[in-house]
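One structure is given here, and the rest of the page talks about it.
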Amino acid sequence: METIIKKVLEKGIIIEKTKLSGSVYKIRIQSDGIADYDFVPGHFLRLGVGIDQDEISLKDKVRSYSVWDINKENSTIDIAIATHSQGIGAKWVETCKPNDTVYFKWKKGKFLVDDSADSYLMIGDLSTLSHLYIINRNLPDNKQVKSLIYSKDSNDFFTDVDGLKPFDFHVMSENSSTEIIQKLNSIIPEMKGDTMVYIAGDSRVCIALTNYFRKELNWSAKQIKTKPFWNPDKKGLE
């Protein structure tokens with residue numbers, strides 16, 4: 001089965017590993033096919049993190065990670081992986097090293113950059129930061145962007161690839177839907193024109209906030225982009 005996986009997935013090499021914060025690593029992968037890939041900001045990677053490890057079940061051998069940055073000239077992509085979950089992916093990123101071979105497959109999804117609104121609101125936890133960073137970087141400069149990025153430890157946050165911190169960071173516990181909504185009540189009135197919100201991270205927060213925007217604020221479905229990255233009670237949720 002692993003031989004089949006290796007044939008189906010693309011092959012790459014880790015050329016750089018950097019610790020960005022207390023619990024986040026940046027991994028840079030180089031692969032020839034990257035130069036020709038039709039990339040849209042918001043695409044993911046399905047990355048093999050347990051290949052060649054017999055003690056890991058087949059369903060745990062692949063995890064999905066956001067593409068944080070892409071350099072087609074150098075055929076490289078950057079991903080950011082948080083370790084606070086202590087899951088299979090977290091253990092892999094702590095032990096992987098430059099020159100290791102990796103196997104991956106592109107995943108397009110629908111949580112992509114969309115420049116059709118005037119104002120944007122980015123909401124997510126640490127697991128979503130790199131994804132929201134690349135969405136933000138690829139919006140036109142004339143767009144208004146508000147944000148609420150949270151983690152239970154202020155040392156977890158890291159800058160974008162350009163060294164900037166364009167988002168507002170907040171120290172909160174996981175599943176902080178009530179506290180987030182309280183803060184949103186003062187942020188949303190400042191948004192102008194056609195509005196759009198990106199909500200990602202803990203699936204419980206995604207559900208609560210989607211209900212808030214749909215039922216309390218009467219936003220339409222096309223204004224709300226949601227992507228649950230994980231759920232504490234469901235192993236392997238992407």
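The values are calculated or read from the model by the stated rules, or taken from the named source; none is laboratory data. Just so we're clear, the structure is a prediction, and the values are computed from it rather than from any experiment. Neighbour counts run over all protein chains shown; Cβ positions are idealised from the backbone, glycine included. Heads up: the accessible areas ignore ligands, DNA and RNA and are worked out on the full protein's heavy atoms, side chains in. Shrake-Rupley method; radii C 1.70, N 1.55, O 1.52, S 1.80 Å.
Observations
- Taking every DSSP helix (H) stretch of at least 4 residues in the chain, weighting each as -39,500 (n - 2.57) and dividing the sum by the residue count yields a mean residue ellipticity at 222 nm of -5000 deg cm²/dmol.
- Normalised by residue count, the chain yields a Cα convex hull volume of 128 Å³ per residue.
- Charge sum, other residues only, whose C-beta stays under 15 Å from Y150's C-beta, Lys/Arg counted +1 and Asp/Glu -1: -2
- Inter-label distance, K152 to N211: 2.2 nm, where each label sits 7 Å from its Cα along the C-beta direction.
- The GNM of the chain, with springs linking C-alpha atoms under 10 angstrom apart, assigns the highest mean-square fluctuation among M196, M172, M122 to M172.
- Net charge contributed by nearby residues that have their C-beta within less than 9 Å of K105 (K/R +1, D/E -1): +1
- Paramagnetic label reach from V8 (point 7 Å along Cα→Cβ; backbone nitrogen cut-off under 17 Å): within the range 98-131, residues 103-109.
- Using the Cβ-Cβ distance between E73 and K183 with R0 set to 45 Å, the FRET efficiency works out to roughly 0.65.
- Heavy-atom accessible area per residue - the range 158-198, 1.4 Å, Å²: 55
- Within the range 87-116, backbone nitrogen closer than 16 Å to the virtual label 7 Å beyond the Cα of K19 toward Cβ: 90-98
- Selected from D202, D69, D32 as most flexible by GNM, with the chain as the system and alpha-carbon contacts under 10 Å: D32
- Tensor-based shape of the range 145-238 (alpha-carbon gyration tensor, a/c under 1.5 rounded, otherwise prolate or oblate): oblate
- Taking only protein heavy atoms and a 1.4 Å probe, the accessible area of the range 1-145 is 45% carbon and sulfur.
- Taking the charge dipole of the chain about its Cα centre, with +1 at Lys and Arg Cβ atoms and -1 at Asp and Glu Cβ atoms, the residue from G22, A200, L148 reaching farthest to the positive side is A200.
- Under a Gaussian network description of the chain, with springs only between Cα atoms under 10 Å, the residue in D162, D118, D194 that fluctuates furthest is D162.
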